[in-house]
Amino acid sequence: MRALIISNARILTLAGDGQPRRGEALRDLGVIDNGHVIVQSGKITTMGPGDPPSMAEELEGELIDAGGCVLMPAFVDCHTHTCWAGERFDEFEMALAGATYLDILKAGGGIMATVRAVREAEDQALVTGLLQRMTGMASLGTGTVEVKSGYGLNTRTELKMLRAIHEASQQTGQIVLGTFLGAHAIDPDNPEFIDQTINETLPAVVAEFPEIACDAYCEEGGWSLEDTRRLFAAAREHGCRLRVHTDQFNRLGMTKLAIEMGAVSVDHLEATSDEDIALIADSDVIAVMLPCSGFQLDGRYAPGRQLVDAGAAVAIATNYNPGSAPTPSMPFAIALACRKLKLTPAEAIAAGTYNAACVLGVQDQVGSIGVGKRADLQLLDCSDERSLAFELATAGPLVVIVDGQVVHLRAVGFEPGDAQ
């Protein structure tokens with residue numbers, strides 16, 4: 001049985017108890033100052049401080065001497081829109097000239113521009129584009145990706161997107177989890193759109209993808225509070241986990257409603273209130289913050305420091321999409337989380353790994369390093385993990401391992417070969 005043996009590493013285990021980290025626990029990265037990890041058949045079989053045990057000498061496989069560099073879990077990007085067609089470069093120039101995101105939406109751009117492109121796209125083109133983007137994400141350390149639909153806004157195209165997401169998941173070692181976001185916008189050409197989404201598209205999606213998470217964009221110009229309530233009531237009856245885009249530009253009361261309805265996460269929160277922060281902190285919901293959107297759009301960011309200090313469970317994600325967050329980079333999201341959300345580097349790392357895994361319900365598989373876990377790992381080009389938050393636009397990790405396989409390599413002096 002071939003093995004992958006990593007020695008002489010500063011290991012961030014992020015070991016947890018299965019619950020999202022809060023408060024002081026969010027800053028505890030479970031560090032092993034100098035340790036080893038042994039991977040076999042895609043799983044971590046042995047780990048601990050010091051050198052690998054003597055039995056490792058009998059294993060055939062690859063040996064990586066980390067040279068004191070940081071070994072940490074691969075990122076879990078728990079909020080993305082990575083499946084799309086077309087580009088929106090013209091809107092970028094409109095924004096540079098002063099148009100707001102909502103202005104662009106009202107002019108038929110934004111989400112609807114991508115909807116038109118996705119409706120016209122060939123099925124395989126969606127799969128190919130998604131896999132290409134995910135390869136880029138892997139090179140920057142991401143092992144698990146949540147991918148939303150929402151650029152279809154009709155039953156046929158929403159299913160086309162979700163099938164493309166599923167097909168891509170079969171062609172990569174990364175974990176890919178689809179989310180139904182049929183309530184991403186309002187189709188202006190369909191006066192029956194809301195009722196059709198609730199009564200036709202949702203049941204069709206659940207029939208093909210049982211227990212899929214259901215998301216909605218509750219915002220002025222998007223789904224209203226009452227229509228989102230109707231959708232979520234139906235989604236709960238179908239056994240869906242609930243997630244929601246809330247308080248991005250305007251506070252409509254969706255955060256409170258989401259908590260009352262048992263949502264797993266409330267995402268964005270740039271316009272949230274002190275009252276909502278207290279509600280989030282006193283609940284089981286996870287606040288997913290998306291600082292790359294604030295960077296791209298309007299310089300507004302979620303109140304990360306206040307949420308953490310109040311005792312909330314927080315996660316961060318890229319929101320990777322063709323308009324408001326065109327970046328595959330979790331390292332960039334972490335750098336922004338420290339500068340703009342005022343998280344510490346340790347908090348941002350935990351928010352982008354273990355807590356993000358809790359959002360998706362996969363914390364028993366990924367987001368931490370432990371015996372029996374999937375071997376989704378990254379070896380950073382530094383011996384101090386704070387470098388990940390401090391440096392900007394770096395070349396990314398030295399090595400990325402997904403499901404026990406090296407999928408990205410730029411380590412000087414390491415060539416895969418026998419460990420003997």
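None of the figures in this text is laboratory data; all of them are computed from the coordinates on show. Bear in mind that the values here come from a model prediction, so they are computed numbers and not experimental data. Methodologically, a virtual Cβ is constructed for each residue, glycine included, from the backbone with ideal geometry; neighbour enumeration extends over all protein chains shown.
Evaluated at 4 °C with a viscosity of 1.567 mPa s, what Stokes-Einstein diffusion coefficient in µm²/s does the range 1-82 have when Rh comes from the Kirkwood expression over alpha-carbon pairs?
91 µm²/s
Taking other Cβ within 10 Å of each residue's Cβ, how do Leu231, Leu96 sort, fewest first?
Leu96, Leu231
Find the relative contact order for the chain and round it to a whole percent, using C-alpha pairs within less than 8 Å whose residues are 6+ positions apart.
22 percent.
Pick out, from Pro52, Val285, Asn250, the residue whose Cα sits farthest towards the positive end of the charge dipole of the chain, with +1 on the Cβ of Lys and Arg and -1 on the Cβ of Asp and Glu.
Highest projection toward the positive end goes to Asn250.
Can you spot the lysines whose alpha carbon is less than 19 Å from Lys43's alpha carbon? Ignore those fewer than 8 places along the same chain.
Those lysines meeting the cut-off are Lys373.
In the range 346-385, which residues have a backbone nitrogen under 19 Å from the label point lying 7 Å from Met55's Cα in the Cα-to-Cβ direction?
370-375
Counting only DSSP beta bridges with both residues in the chain, what percent are antiparallel, rounded to the nearest 5?
That works out to approximately 45 percent antiparallel.
Using 1/(1 + (r/R0)^6) with R0 = 45 angstrom and r between the beta carbons of Ala107 and Asp28, what's the FRET efficiency to the nearest 0.05?
Here the calculated transfer efficiency is 0.40.
In what order do Val205, Val264 fall by count of nearby beta-carbon atoms within 10 Å, going from fewest to most?
Val264, Val205
If I fit a long axis through the Cα atoms of helix 225-237 and take the longest principal axis of the Cα atoms of the chain, what angle between them do I get, 0 to 90°, rounded to 10?
Compared with the principal axis, the helix lies near 60 degrees.
Calculated FRET efficiency, Asp123 and Asp384, Cβ-Cβ r, R0 45 Å, to nearest 0.05?
0.50
Magnitude of the Cβ-charge dipole of the range 76-360, K/R +1 and D/E -1, about the Cα centre, nearest 20 debye?
Computed charge dipole of the range 76-360: roughly 620 debye.
If you place +1 on the Cβ of every Lys and Arg, -1 on the Cβ of every Asp and Glu, and leave all else neutral, what size is the dipole of the range 76-181 about its Cα centre, to the nearest 20 Debye?
240 debye
Of all GluC sites (Glu not before Pro) in the range 36-136, which ones are in loop regions per DSSP and have a Cβ with at most 14 other Cβ atoms within 10 Å?
Taking the range 36-136 and a limit of 14 other Cβ atoms within 10 Å, the loop GluC sites (Glu not before Pro) found are Glu60, Glu87, Glu122.
Looking only at Cβ-Cβ distances, which cysteines of the chain have no other cysteine closer than 4.7 Å?
When partners are defined as cysteine Cβ atoms under 4.7 Å apart, the chain leaves Cys69, Cys78, Cys83, Cys218, Cys292, Cys338, Cys358, Cys382 without one.
First measure r as the distance between the Cβ atoms of Asp309 and Val371, then evaluate 1/(1 + (r/R0)^6) with R0 = 35 Å and state the FRET efficiency to the nearest 0.05.
0.55
Using only Cα atoms, locate the centre of the range 271-315 and the centre of the range 2-65, then give the distance between them in Å, rounded to an integer.
Cα centroid of the range 271-315 versus Cα centroid of the range 2-65: 31 Å apart.
Report the GluC sites (Glu not before Pro) located in the range 184-245 that are in a DSSP loop and have at most 16 other Cβ atoms inside 10 Å of their Cβ, or state none.
Glu192, Glu211, Glu220
Please report the orientation-averaged projected area of the range 151-199, defined via the convex hull of its C-alpha atoms, in nm².
Mean projected area for the range 151-199: 3.6 nm², to one decimal.
Pick out, in residue order, every one of the trypsin sites (Lys or Arg not before Pro) in the range 152-181 that is DSSP loop and has at most 10 other C-beta atoms within 10 Å; say none if there are none.
The qualifying sites: there are none.
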